[in-house]
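Right, one structure below, let's go through it.
Every read-out reported here was derived from the displayed coordinates using simple, explicitly stated rules and does not represent laboratory data. The model shown is predicted, which means the values in this text are computed figures rather than measured ones. Here the Cβ positions follow ideal geometry from the backbone for every residue, glycine too, while neighbour counts run over all protein chains shown.
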Amino acid sequence: MGQRSSLRLDDLRMSVHLGVPDEERAEPQEITVSIIFEFDVPPEATATDAIDATIDYGVVCRSLARELGASPVKTIEHLARRGLDYLESAASAECDAIALTVRKFPAIEGLIGGAAFTLRWTRSN
């Protein structure tokens, strides 16, 4: 059996215009995005130490923040779909699955950890 591996990007902070009421969407609010890239075969960088043999997560973080901040949305579900669509189109051939979680922190009494929604993409062979 082969070695499965993953690359995790945890709690990328960004500001977006998000919320159902117009007033909530009017001002940017902070969200976090977490991503897991899964590989059936570990990236070549595990042997070569070459940045071009793996996912350049600096580029991914900057590009995703631009994509998600481009236009206002009402729901974290829709924001997650936009983010996952972007990541799927940018995924390297070696990436076999991606999970993306969007978390917001609404002003709801007692809700300490926020609200999160996760979508997952799996490459079909």
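Let me spell out the model: positive unit charges on the Cβ of Lys and Arg, negative unit charges on the Cβ of Asp and Glu, origin at the Cα centre of the chain. What dipole size does that give, in debye rounded to 20?
For this selection, approximately 220 debye.
Identify, among Thr32, Ser6, Ala91, the residue whose Cα sits farthest towards the positive end of the charge dipole of the chain, taking +1 on the Cβ of Lys and Arg and -1 on the Cβ of Asp and Glu, with the dipole about the Cα centre.
After comparing all options, I get Thr32.
Stretch Arg62-Thr46 to full length: gain in nm at 0.36 nm per residue minus the Cα-Cα span?
3.4 nm
Students often get this wrong, so try it: which of (i) 25; (ii) 52; (iii) 35 is percent of Cα pairs over 23 Å apart as calculated from the structure shown?
Recomputing percent of Cα pairs over 23 Å apart here gives the entry labelled (iii).
Given the options Pro43, Pro72, Pro21, state which has the largest fluctuation in a GNM of the chain using a 10 Å cut-off (strictly under) for Cα springs.
Comparing Pro43, Pro72, Pro21 in a Gaussian network model of the chain, the most mobile one is Pro21.
Along the Cα-to-Cβ line of Leu111, 7 Å from the Cα, sits a label point; which residues in the stretch 13-44 have backbone N less than 14 Å from it?
18-21, 24-25, 30-32
At a Förster distance of 22 Å, what's the computed FRET efficiency of Thr122 paired with Leu9, Cβ-Cβ distance as r, to 0.05?
With R0 = 22 Å, the Cβ-Cβ based efficiency is 0.75.
Helix 57-68: angle to the longest alpha-carbon principal axis of the chain, degrees 0 to 90, nearest 10?
That helix lies at roughly 30 degrees to the long axis.
May I ask for the net charge around Glu44, where only other residues with Cβ less than 11 Å from the Cβ of Glu44 are counted and Lys, Arg are +1 while Asp, Glu are -1?
Neighbourhood net charge equals -3.
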